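K.L.:
One structure, as structure tokens, below. Some questions next.
The values are calculated or read from the model by the stated rules, or taken from the named source; none is laboratory data. In this text, all values refer to a predicted model and were calculated from it rather than measured experimentally. Here the Cβ is made from the backbone with ideal geometry for all residues, glycine too, and neighbour counts use every protein chain on show. When the accessible area is computed, the model is the full protein with side chains, heavy atoms only, and any ligands, DNA or RNA have been set aside. Shrake-Rupley method; radii C 1.70, N 1.55, O 1.52, S 1.80 Å.
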Amino acid sequence: MLDLKFIRENPELVKQGVTNKNEKDTVDEILGVDKVRREKLQRVEALKAERNKASQEVQQLKRAGENADEIIIRMRSVSDEIKALDDELRGIGDQLTELLSWVPNLPHESVPVGKSEGDNIESDKWLPEGFSFEKPEYVVDHLEIGTKLDILDFERGAKLSGSGFPVYKGKGATLERALINYMLDYHLQNHGYTEIMPPLLVNADSMRGTGQLPKMAEDMYHMEKDDLYAIPTAEVPITNLHRNEILNEEELTVKYCGYTQCFRREAGSYGKDSKGFLRTHQFNKVEMVKFAKPETSYDELEALVADATDILKALNIPYRILTLCTGDLSFSAAKCYDIETWSPAENKWLEASSCSNFEDFQARRANIRFRNKETKKPEFVHTLNGSGLATSRLMVSILENYQTAEGTIIVPEPLRKYTGFDVIG
RNA sequence: GGAGGGGUGGCAGAGUGGUUGAAUGCGGCGGUCUUGAAAACCGUUGAGUCUUGAUCGGCUCCGGGGGUUCGAAUCCCUCCCCCUCCGCCA
């Protein structure tokens, strides 16, 4: 959520940012409603001040044993007027909140202006020694090798749940689990994160807090009976851990890291990159979340990207980093880097991680603050998160980049102590 | 699913319908004392919002919503959440 006062004082800036993000510009509508609201607010508050004063007088008169009927009768009508105005204000307030909840975060000034993913900028690239974009003859895509080695079973997954629900089998399941454990341990031991294992079902307040609601409602699984949502990312429960809390400045930066399964309906994206792991309804992800002081949040963002790419380097997987342009930024993000890994079989880069700074956008929605040591006043924290990383996309990279001419998969060295085997097939 | 108890400031915990934004304790901050620290003592310490250039000031907030009243943390209705016990189950 943007600060209403900020919108009021910088309408042109907000309009520009919203337009650059390809979102609807409702600034004038918001300012109009806001103006009406403030006028009525001032009126009702003046009436309330009058009422409060009169109530004191009634008390004093009664104590003195005098008659207060005149005031009481007068205040009766004032109270009615207050009630009517309050009703009106509630409606206006709801309208304003609704309008504000649809306003996206503004892009940071360092974000390139652009319309779509074609305008993203490649800001870094890392290739293992001896790597070539030339695909070896024998390399087949992850679906084919996974089926052949009997480690992935999408067909039975479809029988159980529908398409997009993968089944991992045998060494495939073990490899997946190894990846998760390896990444978690890496972040805990080398990057100073604290592990969190959160609920996978959360309430609507949590979804609003991180900005999934209202915009992404159609993309989430919703349990109607209990009004709970299946999390699309661990970002939701982990960021909301501190919803409605005031943190101590000394505690910052708070760094959490957690593994969860993630659930996405992916409504409207059928047929688009939908083969095998490229787009699934359920997948595994290790997520990193930070609560930072405003002045350090952009440094923390760079560190977050480094934390994620450390893993790819250790696994020897080619990757590149994209700085997303304004048009490709998500609703809540002020700045975002995508990390993409190379898929030889698809002959393209696949997104394996997204690292974002939300500045105070989520914090304002979720009311996450810290007490400024100097001013002693609470201020909104900056929240950040990044995948570290999504295993399904990593699995594609491993199954393709570690394929041998014999049709086997070499287990990346760092994962071996977790898998207990060196080769699949 | 059944029965009961409870939701008050960072925490614990009082609160007769009328200077209660809220006693008290702890914690935090500042100070006295001390070589320094602890202890002790003194003082101080909620958030949001409107108005203003900034103060001053106004208003709101005792789980959420509604009601009664001139006036509600306090009375009534309703919803939510938490805890304990019983039942069922992993």
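K.L.:
Would you confirm, using the coordinates I've provided, whether residue A:301 is touching a residue at least 60 places away in the same chain (Cβ under 8 Å) and either open to solvent by 40 Å² or more (accessible area, probe 1.4 Å) or in a helix (DSSP H, G or I) (or both)?
P.N.:
Yes: the conditions hold for residue A:301.
K.L.:
Does region A:194-215 hold any residues that are open to solvent by 40 Å² or more (accessible area, probe 1.4 Å) and in a helix (DSSP H, G or I), and which are they?
P.N.:
Within region A:194-215, A:205, A:208 meet the criteria.
K.L.:
Next up: Look at region A:394-420 and say how many of its residues are in contact with a strand residue (DSSP E or B) (Cβ under 7 Å, 6 or more places away or on another chain), of a type outside the set (Ser, Thr, Tyr) and either without any contact (Cβ under 8 Å) to a residue 40 or more places away in the chain or more than 20 Å from residue A:132 (Cβ to Cβ) (or both).
P.N.:
The number of residues fulfilling the criteria is 3.
K.L.:
Can you say whether residue A:74 is of a type in the set (Lys, Arg), within 29 Å of residue A:8 (Cβ to Cβ) and either near RNA strand B (Cβ under 9 Å from one of its atoms) or touching a strand residue (DSSP E or B) at 6+ places or on another chain (Cβ under 8 Å) (or both), as far as the supplied structure shows?
P.N.:
When the stated conditions are applied, residue A:74 does not pass them.
K.L.:
Return yes or no: is residue A:105 touching a residue at least 60 places away in the same chain (Cβ under 8 Å), open to solvent by 60 Å² or more (accessible area, probe 1.4 Å) and more than 12 Å from RNA strand B (Cβ to nearest atom)?
P.N.:
Considered against the rule, which asks whether it is touching a residue at least 60 places away in the same chain (Cβ under 8 Å), open to solvent by 60 Å² or more (accessible area, probe 1.4 Å) and more than 12 Å from RNA strand B (Cβ to nearest atom), residue A:105 comes out as no.
K.L.:
Suppose we keep only residues that are open to solvent by 60 Å² or more (accessible area, probe 1.4 Å) and touching a residue at least 12 places away in the same chain (Cβ under 8 Å) within region A:49-76. Which one would you say is farthest from residue A:88 (Cα to Cα)?
P.N.:
A:57
K.L.:
How many of the residues making up region A:144-162 are surrounded by fewer than 15 Cβ atoms within 10 Å (Cβ to Cβ), touching a residue at least 12 places away in the same chain (Cβ under 8 Å) and under 31 Å from the mean Cα position of the chain (by Cα)?
P.N.:
2
K.L.:
Continuing with this model, one more query. Which ones in region A:163-173 are open to solvent by 30 Å² or more (accessible area, probe 1.4 Å) and in a helix (DSSP H, G or I)?
P.N.:
Within region A:163-173, A:171, A:173 meet the criteria.
K.L.:
Within the set of pairs 6 or more residues apart or between chains, which connect a residue that is over 17 Å from residue A:410 (Cβ atoms) inside region A:312-325 to a residue that is of a type in the set (Ser, Thr, Tyr) and surrounded by fewer than 19 Cβ atoms within 10 Å (Cβ to Cβ) with Cβ atoms less than 9 Å apart?
P.N.:
Cβ pairs passing all conditions: A:320/A:123; A:321/A:123; A:322/A:123; A:323/A:110; A:323/A:123; A:324/A:330; A:325/A:116.
K.L.:
Scan region A:28-45 for residues that are touching a residue at least 40 places away in the same chain (Cβ under 8 Å) and either away from RNA strand B (no atom under 16 Å from the Cβ) or open to solvent by 80 Å² or more (accessible area, probe 1.4 Å) (or both) and report the count.
P.N.:
2
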